[in-house]
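The values are calculated or read from the model by the stated rules, or taken from the named source; none is laboratory data. Note that the structure is a prediction, hence the values are computed from the model and not measured. Every residue, glycine among them, receives a Cβ derived from its backbone with ideal geometry; neighbour counts consider all protein chains shown. Just the protein is used for accessible areas: all its heavy atoms, side chains included, with ligands, DNA and RNA removed. Shrake-Rupley method; radii C 1.70, N 1.55, O 1.52, S 1.80 Å.
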Protein chains: 2
Amino acid sequence: MLSGMAWNTAETKRRLKESAVAEFAAHGLGGTTMERIARRAGINKERLYTYFGDKSRLFATVLADELNKVAAAVPLDSLDGPEAVAAYAAAVYDYHAEHPELTRLLLWEGLLDLPEVPDEDSRTDYYRTKVTAFTRAQQANLISDDIPAADLAFLILALAGWWYAVPQMARMMHADDPATPDTAREALMRAAAKLATSASPWSRRGGRGRGLRDRDGEQGGGEQDDEI
Amino acid sequence: MLSGMAWNTAETKRRLKESAVAEFAAHGLGGTTMERIARRAGINKERLYTYFGDKSRLFATVLADELNKVAAAVPLDSLDGPEAVAAYAAAVYDYHAEHPELTRLLLWEGLLDLPEVPDEDSRTDYYRTKVTAFTRAQQANLISDDIPAADLAFLILALAGWWYAVPQMARMMHADDPATPDTAREALMRAAAKLATSASPWSRRGGRGRGLRDRDGEQGGGEQDDEI
DNA sequence: TCCAACTCCAACGTTTGGGTTGGAAACCAC
DNA sequence: GTGGTTTCCAACCCAAACGTTGGAGTTGGA
């Protein structure tokens, strides 16, 4: 229109994707309309189809993009102890705070329960590196190994992500004593550190639930029985 | 049709709600159609509108119903120690396993981020009782108090719920060593117990188990501040 | 028996929205 | 310029789905 600017495919694509991230994150796959994505980007709807295929392919593209971003933004190379685990948890939490779209896209994807997720291989690799970092730290006795590395890594992400997954629950549960992002972060770090620290041998008491044996025998000191 | 049975409002409503739970849980608010809810229930679409108002009101009704069910199904009265916390986490996990609809509805609600959630007051009360149980256990030195009760309760739910929130992540993260529901449950219980146990003052280098000097298991009372 | 109230449904009106098309404007050789 | 290619868009098609309506079957009371 008013531009002397030439066509700019790359920029058009970028703007469309940016817009799509926002819309999909806000309304999910079902709740988002191609029309609105296009309008928000100030670009014709038809461009979406020629560039990205149909709606679900666009969703997949956009999600894969965001995952690549987070992979780059929150690296995890090595863990030298529980504090490092806590720091990692906090970094994930912070990233989510600044980029709430990612969590939301992931959650929406989870709710779709597709048999195969887009980009599965590279994503699996991505998670594998995380798990490996935990495994190595466990093998080096730098963090506790009483929870398997994959589970531990997964649960750390749970602690960091749950706030954004069910904000309404977070709000209601803290009704009497509102949680600021900071107190939440604090609690998260403490919790992450605890998970990564070897458990003190708590007395097992009465048999609610099964399991929860100490894997590798007792450690060091005496078993200690606490009665109420 | 073939029935001599008279009209039965209550039963009709029940069947519609049952159907609505399934559809909403599976496809979310945006992805569900009133038509399909009605068809699944074998009842005319129009009944939905006269009984429940429009689609979003139906969603709210259904969600509130499910929450009441879970409140009744997974009670939490008192916690007499970390193992009770683990047992509670496992109970929540098991409930979710048997009733995946609830988690999904909650997640979808979270993603909608409505300004006010339906039934807010009674739900807040419900969570308050949970938090109170943790608070009391902390005050009685039965579980660790180094994480505020509300945060602790919330994080326990995170551990139990994350598996269902992002199943695709769970799967990919355990690609090398698939997690069965049982191993997940085991890890969850262990983690929950750890969060509820006073942190052993981890050695500067976070050595694990064997080398743990320092009497373990000193609970609650002592406050230990550690910068992370 | 008649009528008012209630339960249910088939069919309809209308809007929304995914996806397409025909063509205009810009660019790029040659 | 001229033809071919690419970028873009207004307008369109059509299926799906929200919500409604008119009416038919059912009940219960006066």
Margin query: Give the average, rounded to an integer, of partner chain Cβ atoms located within 10 angstrom of each Cβ in B:160-167.
Written below: 6
Margin query: Using a label point 7 Å beyond Cα on the Cα-Cβ vector, give me the inter-copy distances for B:V74 in nanometres, one decimal, shortest first.
Written below: 2.3
Next item on the list: Take peptide B:17-27, look around each residue's Cβ out to 10 angstrom, count Cβ atoms belonging to other protein chains, and average those counts.
Entry: 1
Notebook entry, point to check: Of the peptides B:59-68, B:94-103, B:183-192, how do they stack up when ordered by the mean number of other Cβ atoms within 10 Å, highest first?
Noted result: B:183-192, B:59-68, B:94-103
Item checked: Interface area, B with A, accessible, probe 1.4 Å, both sides summed, Å² nearest 100 -> 8100
Item checked: Three-way shape label, the stretch B:57-176, alpha-carbon gyration tensor, a/c 1.5 -> oblate
Next item on the list: Would you mind classifying the stretch A:9-53 by shape? Square roots of the alpha carbon gyration tensor eigenvalues, ordered a ≥ b ≥ c; an a/c under 1.5 is rounded, otherwise it is prolate if a/b is larger than b/c and oblate if not.
Entry: prolate
Check: Other chains near B:83-90: what is the mean number of their Cβ atoms within 10 Å of each residue's Cβ?
Finding: 4
Item checked: Ascending list, in nanometres, of distances separating the A:K45 label from those of the other copies (7 Å, Cα toward Cβ) -> 2.1
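Report, to the nearest whole %, how much of the accessible area of the stretch B:60-200 belongs to carbon and sulfur atoms, 1.4 Å probe, protein only.
Carbon-and-sulfur percentage of accessible area, whole number: 53.
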